[in-house]
1. Out of the residues in segment 15-42 that are buried (at least 18 other Cβ atoms within 10 Å of the Cβ) and in a loop (DSSP other than H, G, I, E, B), state the one that is farthest from the chain's Cα centre (by Cα).
2. Just to be sure I understand the filter: pairs with C-beta atoms under 8 Å, separated by 6 or more residues or on different chains, first member in segment 240-262 and over 17 Å from A205 (Cα atoms), second member charged (D, E, K, R). Which pairs pass?
3. Within segment 103-125, how many residues turn out to be in a strand (DSSP E or B) and either surrounded by fewer than 18 Cβ atoms within 10 Å (Cβ to Cβ) or free of Cβ contacts under 8 Å to residues at least 40 places away in the same chain (or both)?
4. Is it true that some residue in segment 54-64 is of a type in the set (F, W, Y), in contact with a strand residue (DSSP E or B) (Cβ under 8 Å, 6 or more places away or on another chain), assigned by TED's automatic domain parsing to the domain that holds K196 and in a loop (DSSP other than H, G, I, E, B)?
5. In this structure, does I77 turn out to be on the phi < 0 side of the Ramachandran plot, buried (at least 16 other Cβ atoms within 10 Å of the Cβ) and hydrophobic (A, V, I, L, M, F, W, C)?
6. Going by what's in this entry, would E113 be described as acidic (D, E) and either closer than 23 Å to I187 by Cβ or at pLDDT below 95 (or both)?
7. Would you confirm, using the coordinates I've provided, whether M1 is of a type outside the set (D, E, K, R) and under 14 Å from A251 (Cα atoms)?
8. So D177 passes all but one of these: (1) of a type in the set (D, E, K, R); (2) in contact (Cβ under 8 Å) with a residue 60 or more places away in the chain; (3) surrounded by fewer than 17 Cβ atoms within 10 Å (Cβ to Cβ); (4) touching a Leu at 6+ places or on another chain (Cβ under 9 Å). Which condition number does it fail?
Amino acid sequence: MRKQYVFVDLDGTLLDHKTNQVPPSAVKALKMAQDNGHEIILTTGRPPALFYEIDKQLGIDSFIAANGRVAVYKGNIVFERAIPEDILDRLRNIAAAERLDIAYESMDDFVLESSYGDLYKTFCDHFNLRYPRLEPGYYKRHHVYQVNLFYDKDDFKRFESLIPELTFEYSCPYGIDVNTGGGFKEIGIREIMRYKDIDINDVIAIGDGFNDISMLRFTPNSVAMGNAHEDVRKHARMVTDHIDKDGLYKAFEQLGLIQKKE
């Protein structure tokens, strides 16, 4: 089998939120695939500051972070796209007018602009994240690649009409991922493909969230986890089992990345 580049989501695909652990079968599958010459690239909505060294523990040295706005291949930054300061000014003003909290994600930090309520804590608890510290105006001193808008209503797409340069995508019932326009994780995948001259047929994407839909549609070799929402699963070529039922291991077997058990 030709070398495959496997772009794997973190939350809900590798990391089981119920245990806050990567299932042993997934750890085994990653190691077996790597030993077979395939490359694993962590592909997540999180910034690097929120990896908590999971990538290092799994022996993964390349990643796409902040929903495609940062791409790093073996320690080299091959792509980055920060949100312009003037656009963040507008987002902050809208959030302040509606008393909504937002958090900034940079290469190495995760901080709050405001603390009107506690929804950000519920968001962090959902993903087992440390609570961000309060540092208003952080974006004026650092590159920000993604913003979390802590919002629990279904009408969040209305913000796109107020700031059309940004996209607002469901992250979980307590928060919205805010990014520059033009796509999501497939942006970073394209950049690594360009950097390494990778053929699209040698790319595999595996995920479970709404922010994974675009990368599942981007590659013909795509897998949705069994725990993914139905609206996510329909965009994948293949659906595997749930994360807590060895879903990743079974997907790697079906894809031929590792040998099936006898």
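1. Per the criteria, the residue is H38.
2. If the second residue must be charged (D, E, K, R), the pairs left are D244/D16; D244/K18; Q259/E253; K260/E253; K261/E253.
3. 2
4. Within segment 54-64, not a single residue is of a type in the set (F, W, Y), in contact with a strand residue (DSSP E or B) (Cβ under 8 Å, 6 or more places away or on another chain), assigned by TED's automatic domain parsing to the domain that holds K196 and in a loop (DSSP other than H, G, I, E, B).
5. Working: on the phi < 0 side of the Ramachandran plot: yes; buried (at least 16 other Cβ atoms within 10 Å of the Cβ): no; hydrophobic (A, V, I, L, M, F, W, C): yes.
No, not satisfied.
6. When the stated conditions are applied, E113 does not pass them.
7. no
8. Going through (1) of a type in the set (D, E, K, R); (2) in contact (Cβ under 8 Å) with a residue 60 or more places away in the chain; (3) surrounded by fewer than 17 Cβ atoms within 10 Å (Cβ to Cβ); (4) touching a Leu at 6+ places or on another chain (Cβ under 9 Å) one by one, D177 breaks only (3).
The values are calculated or read from the model by the stated rules, or taken from the named source; none is laboratory data. Bear in mind that the values here come from a model prediction, so they are computed numbers and not experimental data. We place every Cβ from the backbone using ideal geometry, glycine too, and count neighbours over all the protein chains shown.
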